[in-house]
Amino acid sequence: MVNVDKIFDSNDVKWLSQKKLPKLIYDFIEGATGREVAVKQNLKSFDEIKLLPRSLRDVSKRNLTTEFLGQKFDQPFGISPMGMCNLTCPKADLIMAKASKERNFPHGISTATSTRLEEIHNISDKNAWFQLYVFAGAESGLDLAKKAQLAGYETLILTVDVPQGSRRMRELRNGFQVPFKMGLSQILDLSSHPLWSLKTLIAGIPKPVLINESEDRFDRKALRIGATWEFLDKLRLIWKGKIIVKGILSVDDAKRARSAGMDAIWVSNHGGRQLDAAPAAIEVLPIIRDALGDEFPIAFDSGIRDGSDIVKALAKGANFTFLGRPILHSLAAAGGPGLEKILSIFYEDINVVMAQIGIIKIDEINSSVLSGGQG
Ligand code: FNR
């Protein structure tokens, strides 16, 4: 059993996750597309951004609450939608739902979830946001959205940066497939991690329930070109709540999404998992913010690894941020206590950074906190 007192940052959970998970699963989480240039660039670009320390201000009463899309949250970061989270540990989806309710932050529920939408929504209510992939044509995409709406979901994240499943070398080399293909190398890999294998067998091997419920099987390599601008118009007509378009890196696309009546965009390069030659998401964020003006809501993910990265993303124009891999690694490292630990580390990190830069409220964070942002 991992002692969570020995976890201090996202590197610690990543390292523990690598020890605990079969290589096949660890590589599915940590891997990216191509030569993995984009994923490295995400982290490098964050490292190159500097915040400006400020002195002599009274920063004793700091507050991390913030508002996004009309909802009040207790912290400026949530959990990005990710498929097959229960591969990290049994009931990971429900553990995240409980945390999102208790700590009051949004939690993206992937189309490739292995837990029923209702079960998650029953726990976290409005904080559960449904993420839609349109993988089998517009009609089936609209049906999935209707199903989520019936299950009580009010906020929809439409992911648009997967027109086609990308080539991820680690997955190809390891023979990673959903459902699993079990050849000799997979059997050897799983048997060298007996604890994970036993727990997963007892809990039941996760399968993408939402997609299997419908007629269409989830083929991770399949075209997902159902999400077109025409689809956006149809979705807008049936979805009563907020819609966020996730995976935007182009100013033109951002403006067009706004004109199509979308409530927000989500600047992301999918954590470097789709186009290896894509720019770091944090580098295009201020360009898109400039083009859209101050008011239009922007969510952000890709490459956040500590609290100062969150402050940097807010300073560069995001209204809210999301974490991907660090969350899954924390669950793999130590289940619920691991997740709690990493969430509290990120929270505390932001809290400390705010004091260093002389800020007491999240909405005070803007480009003036950047080194070089001073007039
Ligand atoms: C993802 N991501 C993702 N995005 C999405 O819209 N739907 C999905 O089903 C998934 N699935 C998924 C699985 C795994 C294992 C990972 C790591 C990621 C992308 C995710 O939402 C997010 O954009 C990135 O993970 C953010 O980058 P970082 O924080 O991992 O660097």
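Brief remarks on what is shown
- Test: residue in the range 288-311 that is buried (at least 18 other Cβ atoms within 10 Å of the Cβ) and more than 29 Å from Leu156 (Cβ to Cβ): yes
- Filter pass, Ser330 being among the hydroxyl-bearing types (Ser, Thr, Tyr), part of a helix (DSSP H, G or I) and in contact with a strand residue (DSSP E or B) (Cβ under 7 Å, 6 or more places away or on another chain): no
- Restricting the range 287-309 to residues that are within 14 Å of the ligand (Cβ to nearest atom) and assigned to a loop (DSSP other than H, G, I, E, B) leaves a set whose member that is nearest to Phe320 (Cα to Cα) is Asp301.
- Helices (runs of 4 or more DSSP H) enclosed by the range 2-64 - at least 3 residues per element that are crowded, with 17+ Cβ neighbours inside 10 Å and of a type in the set (A, V, I, L, M, F, W, C): 23-30, 37-48
- The lone criterion from (1) in contact with a helix residue (DSSP H, G or I) (Cβ under 6 Å, 6 or more places away or on another chain); (2) at negative phi; (3) away from the ligand (no atom under 15 Å from the Cβ); (4) among the small types (Gly, Ala, Ser) left unmet by Gly317 is number (2).
- Residues (within 16 Å of the ligand (Cβ to nearest atom) and either surrounded by fewer than 23 Cβ atoms within 10 Å (Cβ to Cβ) or polar (S, T, N, Q) (or both)) located in the range 250-261: Asp253
- Unique match (being basic (Lys, Arg) and under 14 Å from the mean Cα position of the chain (by Cα)) among Arg289, Arg325: Arg325
- The range 288-306 residues that are under 23 Å from Gly31 (Cα atoms), paired with ones that are part of a loop (DSSP other than H, G, I, E, B) and among the charged types (D, E, K, R) (beta carbon under 7 Å, 6 or more apart): Asp306/Asp9
- Failed criterion for Phe135 (all others in (1) surrounded by 20 or more Cβ atoms within 10 Å (Cβ to Cβ); (2) at pLDDT below 95; (3) more than 14 Å from the ligand (Cβ to nearest atom); (4) not hydroxyl-bearing (Ser, Thr, Tyr) hold): (3)
The values are calculated or read from the model by the stated rules, or taken from the named source; none is laboratory data. All of these numbers come straight from a predicted model, not from anything done at the bench. Cβ coordinates were reconstructed from backbone atoms using ideal geometry, including for glycine residues, and neighbour counts include every protein chain displayed.
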